[in-house]
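Report on the following structure.
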Amino acid sequence: MKYYMGMDHGTTAISFQIIDENKEDVAYFKLNRDEVSNNKVNFKDTLREHVKIADINLLAMTYAMGDSINKITPLEKVKDRGILSINGAGKVTGGGSKIYEEILSLKIPSILIPGLHKDCEFMDERFRASYSHCASSEKVSLTYYAYTMTGWKNMIIADISSNTVCILVEDGIIKGALDACIGAMGFIHGPLDLSMIREIDEGKKTANECFSHAGISKIAKVDTKINNVKDEIIKKALNNDKNGRLAIDSLVMSVVMEIYGLYGIAENNIEGIVLTGSGGTMNNPVDISGMIKEKVEKIAPVKVLTDKSGAIGSSYIAYDICKNKKNKIMGIDVLK
């Protein structure tokens, strides 16, 4: 049996999905980035608990911003891990870099998925002209999963977790996206407002420090380790803490505004809206997905997926490129 594997390089953890030749689920596992960095967990040993490494036909990877490549590229042809710089991308732990280097050393057949940025010619030129960066590469993966599961060629996807990114798909091609630093708030990251710009100008904080505290954590007044931020906000909201409830309501507001913004500029009729990510799929103990759905379902039907969408989508990309010989994924060329 041969296997196909996907990787989602997330803010707090790096997750992996393994499927078989029938596209059936084999295993899903997640590695905390801090624990990888501190050698508390090991990618190679964890992987061997699930499959023989030699049986992996192809691994589709995402890593950081993915802003120095614009095609799905074999790992051996990628320079500098496919990024222009690690700066300005939130907290850097080194865990993702360790796993990247380990995959290289294990010689697993691998491809790297690009992020969405100004050099991606498949995107609407207005997005490319307006924003140097629109989304990191796992957003491509979760978009492919959404497309595979719904069949919608014209849709808006809201991925809500540590950060929030909304993506516009038209005619089966990713046309644009709004990154966390310019659009809706997530639990940790968000856009820089005037107050933060002043703090940067006055030398009180770096831009990256502001970005990493510009999500709804600032409203909930939660300042803790990034792995605990979401839970602390939810706990406050459940305890009817005024700031906790306001934080959730503000998250919903900003996401709804972003979805309507993409709807307003779409050239085609939107067939559906997809919610994903740990926040976008949450219906208990706080019904975030329901609150958003209520506001946007007048546009189109709303489908709530899984918070594993990035890893699963990556595995589907590996499968379809290897098994079905696809040379384009959501408008993105596959480099041989």
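So is Ser136 of a type in the set (S, T, N, Q) and either crowded, with 24+ Cβ neighbours inside 10 Å or assigned by TED's automatic domain parsing to the domain that holds Ile72 (or both) or not?
On the way: of a type in the set (S, T, N, Q): yes; either crowded, with 24+ Cβ neighbours inside 10 Å or assigned by TED's automatic domain parsing to the domain that holds Ile72 (or both): yes.
So Ser136 fits the description; yes.
Taking segment 317-334, which residues are part of a strand (DSSP E or B) and in contact with an Asp or Glu (Cβ under 8 Å, 6 or more places away or on another chain)?
Within segment 317-334, just Ile329 meets the criteria.
Inside segment 10-95, counting only strands (runs of 3 or more DSSP E) that do not spill past its ends, which hold 1 or more residues that are over 19 Å from the mean Cα position of the chain (by Cα), among the acidic types (Asp, Glu) and modelled with pLDDT of 95 or more? Steps first, please.
Working: elements: 13-19, 25-32, 56-61.
Those strands (runs of 3 or more DSSP E) span 25-32.
Tell me the residue from Lys30, Lys23, Lys52 that is at positive phi and charged (D, E, K, R), please. Let's see the steps before the verdict.
Details: Lys30 fails: at positive phi; Lys52 fails: at positive phi.
Checking each option against the conditions leaves just Lys23.
Can you tell me which condition Lys153 does not meet? The list is (1) touching a residue at least 24 places away in the same chain (Cβ under 8 Å); (2) touching a His at 6+ places or on another chain (Cβ under 9 Å); (3) surrounded by fewer than 19 Cβ atoms within 10 Å (Cβ to Cβ), and all the others hold.
Among (1) touching a residue at least 24 places away in the same chain (Cβ under 8 Å); (2) touching a His at 6+ places or on another chain (Cβ under 9 Å); (3) surrounded by fewer than 19 Cβ atoms within 10 Å (Cβ to Cβ), Lys153 violates only (2).
Give me the residue from segment 319-334 that is in contact (Cβ under 8 Å) with a residue 60 or more places away in the chain and of a type outside the set (Val, Ile, Thr) and, out of that set, surrounded by the most Cβ atoms within 10 Å (Cβ to Cβ).
So the residue we want is Tyr319.
Might you check whether a residue that is within 21 Å of Asp25 (Cα to Cα) and either of a type in the set (A, V, I, L, M, F, W, C) or at pLDDT below 95 (or both) occurs anywhere in segment 287-297?
Checked against the condition, which is being within 21 Å of Asp25 (Cα to Cα) and either of a type in the set (A, V, I, L, M, F, W, C) or at pLDDT below 95 (or both), segment 287-297 yields no hits at all.
For segment 159-181, state whether one or more residues are outside the structural domain of Ser37 (by TED's automatic domain parsing), surrounded by fewer than 23 Cβ atoms within 10 Å (Cβ to Cβ) and either modelled with pLDDT under 95 or of a type in the set (Lys, Arg) (or both).
Checked against the condition, which is being outside the structural domain of Ser37 (by TED's automatic domain parsing), surrounded by fewer than 23 Cβ atoms within 10 Å (Cβ to Cβ) and either modelled with pLDDT under 95 or of a type in the set (Lys, Arg) (or both), segment 159-181 yields at least one hit.
Give Asn227, Asn240 a once-over and let me know the one that is within 23 Å of Asp179 (Cβ to Cβ) and either in a loop (DSSP other than H, G, I, E, B) or modelled with pLDDT under 95 (or both).
Of Asn227, Asn240, the one residue that is within 23 Å of Asp179 (Cβ to Cβ) and either in a loop (DSSP other than H, G, I, E, B) or modelled with pLDDT under 95 (or both) is Asn227.
Could you please find all residues in segment 102-119 being surrounded by fewer than 23 Cβ atoms within 10 Å (Cβ to Cβ) and either among the polar types (S, T, N, Q) or in contact with a Gly (Cβ under 9 Å, 6 or more places away or on another chain) (or both)?
Those that are surrounded by fewer than 23 Cβ atoms within 10 Å (Cβ to Cβ) and either among the polar types (S, T, N, Q) or in contact with a Gly (Cβ under 9 Å, 6 or more places away or on another chain) (or both): Ser105, Ser110.
Results for (1) crowded, with 24+ Cβ neighbours inside 10 Å; (2) part of a helix (DSSP H, G or I), shown as yes or no for each residue.
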{"residue": "Ala129", "(1), (2)": "no, yes"}
{"residue": "Val140", "(1), (2)": "yes, yes"}
{"residue": "Thr143", "(1), (2)": "yes, yes"}
{"residue": "Met149", "(1), (2)": "no, yes"}
{"residue": "Ile157", "(1), (2)": "yes, no"}
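The values are calculated or read from the model by the stated rules, or taken from the named source; none is laboratory data. Note that the coordinates shown come from a computational prediction; the quantities given were computed from them, not determined experimentally. With ideal geometry, Cβ positions are generated from the backbone for all residues, glycine too; neighbour counts draw on all protein chains shown.
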